[in-house]
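Remarks on the structure that follows.
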Amino acid sequence: MKKSLDKLINVCNKISQNQYMTIIFQAFTPTMPLLIICSMFMIIISFPVESVANFINSIQIGEASLFNILLQGTNACFSFLGLYMVVGTAYAYAKVKNLERINLCILAMGCYFLIMGDLSTDRTGSNGIMIGIVTALFVGYIYEKIHNKGWRIALPKGTPEAVADSFISLIPSAIVICIFLLVFLVTSAFGYNTFDLINILLNNTLGMVATSVWGYMFLYLIKMVLWVFGINSAFVQTICMPYFYRNDAINLAYFTKGIGNPEILTSFFEYHYAGYGGAGSVLALVIAMFIFGKSRRSKKVRGISLIPALFNISEPLVYGLPIMLNPYIAVPFILVPIVNIGLSYFATSIGLVAFTNGASIAWTCPVIISGFLAGGISVALMQLVLVIIDVLIYAPFFIALDRTYLNQEETETITLTDADSIDLENVDL
């Protein structure tokens, strides 16, 4: 068992530390400010309180309504997510591999448009996220290999840097474009659109795992096991988040335009159902500590951990209690997020809880508030139910741990009392 676990940890470590996984993870970072800002527009026009939403939508500014103005703001982000991911991935690739960043970004965009064929927001938006990432990775890989072989046009000394960089990239860029053009010609000859074909292949392989509740729960299980051993692995986000962001955009289109059908698994699941309070939904553990904690150690740790946990930061508790390598807390720490995913998915699928509206709620947004903003009262109540259930799951394990702390503290007190006592009858004067 131990050998199997060690092998699993080693494999996941290698995956997490893989440069390409790092590149994909870093590719999302530049898009976050835009996602959050445009999601705020989405929250305003789809506010969970109907009377407030109606009032906002009735406001006219000149000849345009406030609704249409804010909708344009959301479209500026979600209609071009695929394109943004091309740029983000290419930039991250160039940064990690120490290549010409702007050149690689422009080249990746060119290849993305090349395989797309007809330009439309259906392809530049959520449907293009995974293809954008894959395209940028392939462009970066081919470019890097040719660049490292030294196939370049050398210009004399004194040539302006911008001009020199352009000529350095000329041969690698030409080869990359020719390869993508050849792929487009071959697929077109067989009656396929390259973009759509890649999309089908990705959705029928990786997408089936990432967008399946069972696949997501399995990946999350691995993530939580790694957390217990002190490894904060981002591989679940790397695999699933491209599809969750796609689902965010699908839900956004459904709630603002009435287009399509809403999806259950969105980015909200990752940060505010499975991970409210931080890894392991540890806000529930902090609440259990306030209710049942009697030892001095628990009282001290809960005071330090409460505020961070309210904003979904778990590190003070993970390393302060500690949860890492703690046999008392490891089981509920792994179990609670899996329970949260399963219950939330089931409640949404049978209509007890509303679908989330597609807004990218900041991962630091406190529980209940995040649910209200993402889907109204039913989502907020679902979070509250999860908190209560999670406290009940954590409680017996924490009580057992707290008793060991109490026993240790009593032993230490007795030892200190014995050491400090002085027997005056046996003192030689």
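The values are calculated or read from the model by the stated rules, or taken from the named source; none is laboratory data. No experiment lies behind these values; they were computed from the predicted model shown. Reconstructed Cβ throughout: ideal geometry from the backbone, glycine too, with neighbour counts over all protein chains shown. Calculation scope for accessible area: heavy atoms of the full protein, side chains included, ligands and nucleic acids excluded. Shrake-Rupley method; radii C 1.70, N 1.55, O 1.52, S 1.80 Å.
LEU114: accessible area at probe 1.4 Å, nearest 10 Å²?
40 Å²
Using 0.36 nm per residue, how much length does the chain from ASN407 to ILE377 gain when fully extended, once their Cα-Cα distance is taken away?
Taking ASN407 through ILE377 to full extension adds about 6.4 nm, to one decimal.
Kindly express, to the nearest 10 degrees and within the range 0 to 90, the angle between helix 32-45's C-alpha long axis and the longest C-alpha principal axis of the chain.
With both axes taken from Cα atoms, the answer is about 90 degrees.
For region 95-155, which whole-number percentage of the solvent-accessible area (1.4 Å probe, protein heavy atoms only) is attributable to carbon and sulfur atoms?
C and S fraction of accessible area: 55 percent.
Computed FRET efficiency, Cβ-Cβ of ILE102 and ILE399, R0 56 Å: what is it to the nearest 0.05?
0.45
For a test of the definition: using alpha carbon positions, the gyration tensor, and the 1.5 limit on a/c, classify region 344-418 as rounded, prolate or oblate.
prolate
Hey, what did region 245-346 get for relative contact order, percent, Cα under 8 Å, at least 6 apart?
This gives 27 percent for region 245-346.
How large is the accessible surface of LYS300 in square angstrom, using a 1.4 angstrom probe and rounding to the nearest 10?
Accessible area of LYS300: about 140 Å².
Simple spin-label model, 7 Å along Cα-to-Cβ: PHE138 to PHE190 in nm?
Between PHE138 and PHE190, the simple spin-label model gives 1.3 nm.
Under a plain spin-label model, where a point goes 7 Å from the Cα along Cα-to-Cβ, how far apart in nm are ILE153 and ASP122?
The answer from the label model is 4.0 nm.
What number comes out for accessible area per residue over the chain if the probe is 1.4 Å? Units Å², please.
49 Å²
Given the options PRO30, PRO337, PRO327, which has the most mean-square fluctuation in a GNM of the chain, springs set between C-alpha atoms less than 10 angstrom apart?
Among PRO30, PRO337, PRO327, the largest GNM mean-square fluctuation belongs to PRO327.
For region 245-310, give the percent of accessible area contributed by carbon and sulfur heavy atoms, probe 1.4 Å, rounded to a whole number.
Within region 245-310, the accessible surface is 59 percent carbon and sulfur.
So for each of 89-100, 264-275, 338-349, 63-74 I average, over its residues, the number of other beta carbons within 10 Å; can you give me the resulting order with the highest mean first?
264-275, 89-100, 338-349, 63-74
Can you send over the solvent-accessible area of CYS178, 1.4 Å probe, protein chains only, in Å² to the nearest 10?
So the heavy atoms of CYS178 present about 80 Å² to solvent.
With n ≥ 4 as the cut-off for DSSP H runs, can you work out [θ] at 222 nm for the chain, using -39500 (n - 2.57) per run divided by the number of residues, rounded to the nearest 500?
After summing the helix terms and dividing by residue count, I get -23000 deg cm²/dmol.
Given springs between every Cα pair under 10 Å in a Gaussian network model of the chain, which of SER58, SER281, SER39 has the largest fluctuation?
Among SER58, SER281, SER39, the largest GNM mean-square fluctuation belongs to SER58.
Let me have the relative contact order for the chain, percent, based on Cα pairs under 8 Å that are six or more residues apart.
15 percent
Calculate how steeply helix 81-97 sits against the longest principal axis of the alpha-carbon atoms of the chain, using the helix alpha-carbon long axis, and give the answer as 0 to 90 degrees to the nearest 10.
The helix 81-97 is inclined about 80 degrees to the chain.
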